[in-house]
Amino acid sequence: MQALWNSKFSRDGFLYGTEVNNFIKENSHLIKKGSKVLCLGEGEGRNALFLAKKGLHVEALDASDIGLKKLQQRALKENVAITIRHTLLENWQAAHKYDVIISTFIHLKRDEQKNMFIKAIDALEENGYFIAEFFSIDQMNFLSGGPKNTNLLYQLDELYKLFSSLPCTIHKLSQEIVVLDEGKGHRGEASVIRMVLKREV
Ligand SMILES: C[S@@+](CC[C@H](N)C(=O)[O-])C[C@H]1O[C@@H](n2cnc3c(N)ncnc32)[C@H](O)[C@@H]1O
């Protein structure tokens, strides 16, 4: 997996572009000034850069050292600080709590998806937000990006069941057809699941 992403990110340019993901941007008003934000599976760093430029304290976690290196180079160029965590999500344990955790399009196996959500909700401060967008299982029918493997896609009813059992309030959980325009990697009509979860007190 790490070799796959390193090879994708070794090419020139930025696979998913340099602009922040639309859903993260739309929900960035939820992130208060001075917040500690963690980006899971952040790759080449388009979301982390956007959030860091807003003056937030940003940490970016990813399995790909090549992706993270490109992120660091951009951060340096744009004169913002971002803390890098080069690790597999499966090995990650939060050292402290975060005000907000975000993730876009991390393709995990079903059991790893579940573990990510459990760990992320646990790592949030009370009233903190988890904001994310992933490809739904119906993305099998589209050619706009993402893995052609149902085990790596996300299923709405499973997520609803899981989140209902976790200490969080579901502010948004929906499957939508959107048009992606994110570099060469995500382009065209896509079936995504978008979520905003709030950690309960
Ligand atoms: C499709 S890319 C998305 C990158 C970024 N979130 C974006 O939207 O531009 C998926 C990213 O997840 C990372 N990734 C996949 N599985 C991972 C895991 N188990 N632990 C940590 N990172 C992982 C990959 O290295 C890659 O950077």
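The values are calculated or read from the model by the stated rules, or taken from the named source; none is laboratory data. All figures in this text were calculated on a predicted structure; none of them were measured in a lab. Positions of Cβ are generated from backbone atoms using ideal geometry, with glycine treated the same way; all protein chains shown enter the neighbour counts. Calculation scope for accessible area: heavy atoms of the full protein, side chains included, ligands and nucleic acids excluded. Shrake-Rupley method; radii C 1.70, N 1.55, O 1.52, S 1.80 Å.
Observations on the structure shown:
- Filter result for Phe14 (under 21 Å from Gly188 (Cα atoms), touching a strand residue (DSSP E or B) at 6+ places or on another chain (Cβ under 7 Å) and of a type in the set (Phe, Trp, Tyr)): no
- Taken over region 25-60, residues that are outside any loop (DSSP other than H, G, I, E, B), surrounded by fewer than 23 Cβ atoms within 10 Å (Cβ to Cβ) and aliphatic (A, V, I, L, M) amount to 1.
- Residue check, Val201 modelled with pLDDT under 95 and surrounded by fewer than 15 Cβ atoms within 10 Å (Cβ to Cβ): yes
- Look at region 99-117: where a residue is closer than 16 Å to Pro147 by Cβ and a partner is open to solvent by less than 10 Å² (accessible area, probe 1.4 Å) and not in a strand (DSSP E or B), sitting 6+ places away or on another chain with Cβ atoms under 7 Å, you get Thr104/Asn21; Thr104/Ile24; Thr104/Asn47; Leu108/Met116.
- Hits in region 120-167 (condition: within 16 Å of Leu40 (Cα to Cα), away from the ligand (no atom under 16 Å from the Cβ) and part of a helix (DSSP H, G or I)): Ile121, Asp122
- Residues within region 1-24 that are in a loop (DSSP other than H, G, I, E, B), within 12 Å of the ligand (Cβ to nearest atom) and charged (D, E, K, R), tallied: 1
- Residue check for Glu19: acidic (Asp, Glu), at pLDDT 95 or above, open to solvent by 70 Å² or more (accessible area, probe 1.4 Å) and closer than 19 Å to Arg194 by Cβ: yes
- Options Leu88, Leu30, Leu76, Leu49: the member that is of a type in the set (A, V, I, L, M, F, W, C), touching an Asp or Glu at 6+ places or on another chain (Cβ under 8 Å), at negative phi and at pLDDT 95 or above: Leu49
- Residue in region 159-173 that is least open to solvent (accessible area, probe 1.4 Å), counting only those that are over 16 Å from the mean Cα position of the chain (by Cα) and over 17 Å from Gly128 (Cβ atoms): Leu162
- Qualifying residues in region 83-105 (those that are exposed (fewer than 14 other Cβ atoms within 10 Å of the Cβ) and assigned to a helix (DSSP H, G or I)) - the one farthest from the ligand (Cβ to nearest atom): Asn91
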